[in-house]
1. What number, in percent, do you get for the relative contact order of the chain if the mean sequence gap of Cα pairs under 8 Å and at least 6 apart is divided by its residue count?
2. Would you list Tyr236, Tyr139 from the most to the least accessible area, probe 1.4 Å?
3. Excluding ligands and nucleic acids, what accessible area in Å² is computed for Tyr147 using a 1.4 Å probe, to the nearest 10?
4. Count the DSSP beta bridges whose two residues both fall in the chain, then state the antiparallel fraction as a percent rounded to the nearest 5.
5. So for region 219-355, averaging the separation of alpha carbon pairs under 8 Å that are six or more residues apart and normalising by length, what relative contact order in percent results?
6. Across region 34-48, in residue order, what do the Karplus-derived ³J(HN,Hα) couplings come to in whole Hz, using 6.51 cos²θ - 1.76 cosθ + 1.60 with θ = phi - 60° and x for Gly and Pro?
7. Note down the accessible area of Glu90, probe 1.4 Å, to the nearest 10 Å².
8. With a/c under 1.5 counting as rounded, go ahead and sort the chain into rounded, prolate or oblate using the C-alpha gyration tensor (a ≥ b ≥ c being the square roots of the eigenvalues; past the cut-off, prolate if a/b is larger than b/c, else oblate).
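The values are calculated or read from the model by the stated rules, or taken from the named source; none is laboratory data. This structure is a prediction, so every number in the text was calculated from the model and none was measured. Cβ: placed from backbone, ideal geometry, glycine included. Neighbour counts: every protein chain shown. Calculation scope for accessible area: heavy atoms of the full protein, side chains included, ligands and nucleic acids excluded. Shrake-Rupley method; radii C 1.70, N 1.55, O 1.52, S 1.80 Å.
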Amino acid sequence: MKIAVMPGDGVGKEVVPEGLKVLRAAAKKFGFTFDTTDYPFGGEHYLKTKQTLPDSALKELAAHDAILFGAVGVDPRGSAQIPQGILETEILLKMRFELDQYINLRPTRLLPGVPTPLKNIGPDDINMTIVRENTEGLYAGNGGFLYKNTPHEVANQIEVTTRHGVERCIRYAFEYAKQFNRKKVTLVAKTNVLRFAHNLWLRAFEEVKSEYAGIETDYHHVDACTMYMVTKPKIYDVIVTTNMFGDIITDLGAAIQGGMGMAASGNLNPTRQAASMFEPVHGSAPDIAGKNFANPIATFLSVAMMLDFLNQPRAAAAINQACKDVVADPKNHTRDLGGTASTTQVTTAVIAAMG
């Protein structure tokens, strides 16, 4: 395996090395090998070089099997020198679009022993996977300004929705449900107001679902979905949704599964014609960076997703089970979970649990 490693900034530089420790332990246990190539891109690199992600590096990244990513963003003093949104659009979104990582996959599971803000809800109630379209919608960058910085300014941000992009995302959700024996796929959109773009989503969903007998289906408006995720999350199994709505509800999902320190993600190119990217979805957290406080579990779960994608299911299952076993004991909870465990302590515990 050829793995590109991009820790980025802040706690990314702490949790990604811990994730590589777990990856090495899994490689030793299950008999596979991998090589890594380090890349420096992020906020700190931009402050030093005024460089985000050059095309030459993007071509190198594309040739890898996967990218393990940390987080981007520097402390507020440095961020004032960085143009708004440039790190997200010219590093993260650039990789997603140029490498055609058209699926954002977000498992949302409450592990035993992990606190949730929801009352009378346990691990059996939160076990959903959100499939987010990742290269279209309002994030495609189709827009601009007229008469900028005048009283008559006009700003346009136009949603881009194609049949090709919508159908391949919906089909992936059904294939995922079929592969992992999930029982239901729910489309989340806003068809009553976004009557053109989201009508396309609904029509494509209705057509594709006919090919998957035995999988239950449902439709929810996104505002109803946010309520149901809090009041009765058990009704969700696999959710498929648009780029922006997926961005919003996956963070709600992170909150109910114990916080950002528990939330893993994959930005997938299912065709494998370019590298897929795996990352914990928390930010760079400059307030705790360098203090050995950060929760590395999201990184370990992202490593497990990466291994599953790269046809190492036994190694992925072992990491997932080790994380589950470790967080079941409150002594292994980091500060975000209400405990006092350090980043490195949790890593040691997970590697030990893997045997």
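1. So the answer I get is 23 percent.
2. These residues rank, largest area first, as Tyr139, Tyr236.
3. 150 Å²
4. Approximately 40 percent, going by the DSSP bridge assignments.
5. Over region 219-355, the number comes to 18 percent.
6. Taking θ as phi minus 60°, the curve returns 8, 10, 10, 10, 8, 10, x, 5, x, x, 5, 5, 5, 4, 7 Hz for region 34-48.
7. 80 Å²
8. rounded
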